[in-house]
Amino acid sequence: MSRIYNFSAGPAILPEEVLKKAASELTDWNGSGMSVMEMSHRSKEFVSIAEKAEADLRQIMGIPTNYKVLFLQGGASSQFAMAPMNLLRGKETADYINTGTWSKKAIAEAGRFCTVNVAATSESSKFTTIPQQSEWSLNPDASYLHYAPNETIGGVEFHYIPEASNVPLVADMSSTILSRPVDVSKYGVIYAGAQKNIGPAGLTIVIVREDLIGDEIPGTPAMFSYATHAKANSMYNTPPTYSWYIAGLVFEWIREKGGLEAMAEVNKRKSAKLYAVIDKSEFYSNPVDPDCRSWMNVPFILAQPDLDGKFLELAGEAGLKTLKGHRSVGGMRASIYNAMPEAGVDALIAFMEDFEKKNA
Ligand code: PMP
């Protein structure tokens, strides 16, 4: 059976080369006579896989040596709590920017631990914009500034790094990490669930500046402390070994493809052509301000919502799957992460144009 083009927001499409390599090593990794799934996380085989994955990630992202890279479980949702638990460092407030569903979840969770100052929100525009940075009301006493560089549901993305003045900048990069080069040194913490642009679900990557580690709030469980995992090289308990291994294969794939510059070039082109088709049509529309449209998640609605079902059915028959928009917004959403080939976007565009011609 041939592979479909899977536009799922996550778990999401993975590079076919990675899946084939994993398949070829499934029952016997590198002459070990074992699957990676069967290895002790403390074995020399797995430690070599883990170390190589970290080294490759450091290389492709240019992660400075004063940052730890943690390979954790719990999803980005656990980081909504771990960020305040570890980063308040004796302070009582944190600044958050609210640009959509995931920002709101992060804000709600932080509210359990501190006073949250929502320094800016685009809720009044139904999250179709990003408030001008000059209008943000940042609190000079905040312990950190948190934002979501890409809102996976709304399809709203920052195309710049916010200025956090003197406080650490914390980013939920779940749906945009590895989509383009990023200056890690501008951040205190970057975290991301793996299941979009990194690898399989079950792994969560946290990149944290070393001076921010070790001052968690009293009572923080060991598993919620960055210090615990940093000290143990993410092996305090059993890490998600197989997801870590696949992530390593994805990092290798990115390197072979030319790194994050090359990813950015293709991602920019793929999203631009999809938005162009939406914008030139009266049949499809995307409500997001063109300055902050996502390269990764492209929501769009049909002028006639009663055609949604037919659109999804025929798209599916054409091998274009998982285009249904998030249940909170409806319509369609095409998630076009690194692993979505440009040919997949071209096929979607051809389908959309044909569907419009026949149904508008
Ligand atoms: N943040 C963002 C931006 C997301 O897209 C998601 C998942 N869709 C989450 C957080 C939650 O991630 P997880 O399911 O890994 O907890």
**Request:** Within the set of other residues whose C-beta is less than 15 Å from the C-beta of SER225, count the net charge using Lys and Arg as +1 and Asp and Glu as -1.
**Result:** 0
**Whole-angstrom Cα spans of the stretch 113-179 along principal axes, big to small** = 31, 29, 25
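Shape of the stretch 34-102 from its Cα gyration tensor (a ≥ b ≥ c, root eigenvalues): rounded if a/c is under 1.5, otherwise prolate when a/b > b/c, or oblate?
Working: a/c = 2.38, a/b = 1.97, b/c = 1.21.
Prolate.
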**Request:** Output the Kirkwood hydrodynamic radius of the stretch 279-339, Cα pairs only, in Å rounded to one decimal.
**Result:** 12.3 Å
**Complete:** Residue-ordered couplings for the stretch 16-24, obtained by feeding phi - 60° into the Karplus form 6.51 cos²θ - 1.76 cosθ + 1.60 and rounding to whole Hz (Gly and Pro as x), are 4, 4, 5, 5, 5, 5, 4, 5, 5
**Prompt:** Which percent of the accessible heavy-atom area of the stretch 1-48 goes to carbon and sulfur, probe 1.4 angstrom?
**Reply:** 55 percent
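Could you work out the Rg to Rh ratio of the stretch 204-301, with Rh taken as the Kirkwood radius (inverse of the mean 1/r over all Cα pairs)? Provide the component values of the computation, followed by the final result.
Details: Rg = 20.3 Å, Rh = 17.5 Å.
The Rg/Rh ratio comes out at 1.16.
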**Request:** Quantify, in whole percent, the carbon and sulfur part of the accessible surface of the stretch 106-179 (1.4 Å probe; protein heavy atoms only).
**Result:** 47 percent
**Prompt:** Among THR204, THR322, THR238, which one shows the biggest mean-square fluctuation in a GNM of the chain, springs joining Cα atoms closer than 10 Å?
**Reply:** THR238
**Message:** Skipping prolines and chain starts, which residues have an amide H placed within reach, meaning under 5 Å, of the one on PHE300, given they are 5 or more residues away or on another chain?
**Reply:** MET332, ARG333, ALA334
**Fill in**
For the stretch 191-305, the percent of accessible surface on carbon and sulfur atoms (probe 1.4 angstrom, ligands and nucleic acids excluded) is 53 percent
**Request:** Divide by every residue of the chain the summed helix terms, -39500 (n - 2.57) for each DSSP H run of at least 4, and state the resulting mean residue ellipticity at 222 nm, rounded to the nearest 500 deg cm²/dmol.
**Result:** -11000 deg cm²/dmol
**Item:** Rounded to whole Å, sorted largest first: equivalent-ellipsoid semi-axes of the stretch 123-258, Cα gyration tensor
**Value:** 26, 22, 14
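Counting only DSSP beta bridges with both residues in the stretch 132-255, tell me the antiparallel percent, nearest 5. Could you put the intermediate results ahead of the total?
Working: 7 of 13 bridges.
Beta bridges within the stretch 132-255, antiparallel portion: roughly 55 percent.
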**Request:** Quick one, can you get me the convex hull of the C-alpha atoms of the stretch 1-137 expressed as volume per residue in Å³?
**Result:** 198 Å³
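Hey, what does the equivalent ellipsoid look like for the chain, semi-axes from the Cα gyration tensor as sqrt of 5 times each eigenvalue, largest first, whole Å? Provide the component values of the computation, followed by the final result.
Details: eigenvalues 219, 161, 50 Å².
Over the Cα atoms of the chain, the semi-axes work out to 33, 28, 16 Å.
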**Item:** Nearest-20 debye value, the chain charge dipole, Cβ charges on Lys, Arg, Asp, Glu
**Value:** 340 debye
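Going through the stretch 151-208, which GluC sites (Glu not before Pro) have at most 13 other Cβ atoms within 10 Å and a DSSP loop state? Kindly include the intermediate steps, with their values, before the conclusion.
On the way: sites: GLU151, GLU157, GLU163; in loops: GLU163.
Answer in residue order: GLU163.
What accessible area per residue comes out for the chain, rounded to a whole number of Å², with a 1.4 Å probe? Don't skip to the end; give the middle numbers.
Details: 15520 Å² over 360 residues.
Ligands and nucleic acids excluded, the result is 43 Å² per residue.
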**Message:** Give me the tail of P(r) for the stretch 64-145 as a percent: Cα-Cα pairs with distance above 16 Å.
**Reply:** 56 percent
**Message:** I need the shape label for the stretch 83-125. Rule: rounded when a/c is under 1.5, else prolate if a/b > b/c, else oblate, with a, b, c from the alpha carbon gyration tensor.
**Reply:** prolate
**Message:** From Cα pairs below 8 angstrom and at least 6 apart in sequence, can you work out the relative contact order of the chain, rounded to a whole percent?
**Reply:** 23 percent
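The values are calculated or read from the model by the stated rules, or taken from the named source; none is laboratory data. None of these values were measured; they are calculated from a predicted model. A quick note on method: Cβ atoms are made from the backbone with ideal geometry, for glycine too, and the neighbour counts reach across all protein chains shown. Just so you know, the surface numbers come from the protein's heavy atoms only, side chains and all, with ligands and any DNA or RNA stripped out. Shrake-Rupley method; radii C 1.70, N 1.55, O 1.52, S 1.80 Å.
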